Amino acid sequence: MKSVILLATLLATGITQANPPNVVLIMADDLGMGDISFYHRERTGEDSSPVPTPNIDRLIEMGMRFSDAHSPSALCAPTRFAMLTGNYPIRNAKPDGVWGVFANPLIDPDFTTIARIAKEGGYQTAFFGKWGLGGNWEKRPVTAEDFSSFPAGALSYGFDYALELPAGIQDPPYAFYENRQFYPLAKDSILTHIPVEQTGYDLDLAPKAASRDGMGDSNWDPRLVGPRLAGKAVVFMENHVKNHPDQPFFLYYCSQAVHVPHVAAPSIDGQEIVGKTPGILGDFIYEFDLQIGELLSALESLGVMDDTLIILTSDNGGLPPRWDMQLYASGHRSNGGLDGYKGGILEGGHRVPFIAVWKDHIPAGSVCDTPIVSLDVVATLSDLIGLPVDRNVIKDSASLLPIFRGEDVDEQRHFIHQSGGIRDFAIRQGDWKLTIDGDAMNRPKPQRYAFNPDDHEPSGLFNLGVSLSEDSSENLIENPEHRERVEAMFAKYVEIRSEQIPTVD
């Protein structure tokens, strides 16, 4: 394993299965590496950043940051499927796009999930935030009564407790659900039609949002969401530590930030937010950081920080400049200067922040350059509690514990990347990335989702070890010296897709 900070010795305290840590898994929505002030300073050489993220920067100081971490997809819902199951979205019967709130997640009811693994290891499990994997209603809801409960969601896949937003803050229903039941924001809340004016969307920036009215909480205000999520997560931890001090907990925190609409809370814990950065996206990033601060403060006050593995990542890469031109003018780059943005196959679409903290087990201030994918958290949790990984079920997740311990790992593992739809894919091995064009979208459903290698064609070969630029001038696809490499990598991609073989031994 390459590392900017060499891990000279293994830490004296080993990782034991007998006393597993609490696990707090935090996933941002649309947060790019460049959205974190540490990475802005690293890229620019400046002493400060337009967007302060002191709490995330603190996590970087306390633990290990990964320079070559990737989301399973460049878009929200497919990544969330993969984070639950340890499988790339290509394993799902509908691997692309945004899965609307009325969709079926297509996760078998008995399928292994990260929460079920945690429960088997004795953990209490809780989910907070954006579900984003469909609602699985028996019929398409229309009336307020139809929306009074949320039949699918986290409780269907191994979580003991859930406070969730079925579609985050960007789509109806604009409401919280606690353990499947409508959770009112205020005592006088009712489920009713929410006009688009109440959703927080800037229709000049997002004109398509004009049709995003729909059912929701009569007191819906997207500015209330972040403080409510963080506050309830803190209450869960407080109650759990008080009532079950000897039982570890697994908390999966899926923030609403920083997805549009970019409407930050006025303040969190007395710290003002609005206007603290050059633009509306910047303010929302700052709010997300303050949410993290709330969670960290709770862990410390409860005395369990040192016994907790904290992982922070994002569901995809950063947003393009048009969402906040004032922030862009300040020198901020959500994608950290990479080519591409959320939804795309280029690095900026899926290279994401990934930070892991666990006192006395993960060296503070360390950095890992080994490629990983964020769905590796599934096998990591399984390894923590001593459960073997069945490669017939979990095909793409590798434990990160060897990396945490500073051990050498296989850097020739194959990675699969996919764009927001199912038009573009890539296969990565070592420093080499082969991008692949697909035209399955031209076929009618359901054939659209069936893999046909004739629909796919290599389009780019890039040596990321030489340059992270994926400009056409760096494309080696036509270089005869690399013809065999292109053919071999494309053949492996076809084998993985056609035969559904695991990408991890």
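The values are calculated or read from the model by the stated rules, or taken from the named source; none is laboratory data. Predicted, not measured: the structure shown is a model, and the values here were computed from it. Don't worry about glycine lacking a Cβ; one is built from the backbone with ideal geometry, like all the others, and counts go over all protein chains shown. Calculation scope for accessible area: heavy atoms of the full protein, side chains included, ligands and nucleic acids excluded. Shrake-Rupley method; radii C 1.70, N 1.55, O 1.52, S 1.80 Å.
Worth pointing out:
- For the stretch 97-248, the solvent-accessible area of protein heavy atoms averages 44 Å² per residue (probe radius 1.4 Å; ligands and nucleic acids excluded).
- Compared with the alpha-carbon gap, the fully stretched path from residue 46 to residue 491 is longer by 155.8 nm at 0.36 nm per residue.
- Taking label positions 7 Å along the Cα-Cβ direction at both residue 205 and residue 408, the computed distance is 4.9 nm, reported to one decimal.
- Rounded to two decimals, the Cα radius of gyration of the stretch 310-415 over 2.2 N^0.38 Å is 1.27.
- Counting Lys and Arg as +1 and Asp and Glu as -1 over every other residue whose Cβ lies under 14 Å from the Cβ of residue 340, the net charge comes to -2.
- Cβ-based net charge around residue 308, under 11 Å, with every Lys or Arg adding one and every Asp or Glu removing one: -2
- Local charge for residue 378 was computed over the other residues whose Cβ lies under 11 Å away, with Lys and Arg +1 and Asp and Glu -1, and equals -1.
- Estimated inter-spin distance, residue 246 and residue 390, nm [label 7 Å along Cα→Cβ]: 3.1 nm
- Simple label model, 7 Å out from Cα along Cβ direction - residue 239 to residue 442, nm: 5.5 nm
- Share of carbon and sulfur in the accessible heavy-atom surface of the chain [1.4 Å probe, %]: 48 percent
- If R0 is taken as 56 Å, the Cβ-Cβ distance between residue 360 and residue 454 corresponds to a FRET efficiency of 0.60.
- In the context of the full set of protein chains, residues of the stretch 319-432 present 31 Å² of accessible surface per residue (probe radius 1.4 Å, heavy atoms only).
- Most tightly packed first, judged by the mean number of other beta-carbon atoms within 10 Å of their residues, the peptides 392-405, 278-291 read 278-291, 392-405.
- At 1.002 mPa s and 20 °C, Stokes D of the chain from Kirkwood alpha-carbon radius, µm² per second: 93 µm²/s
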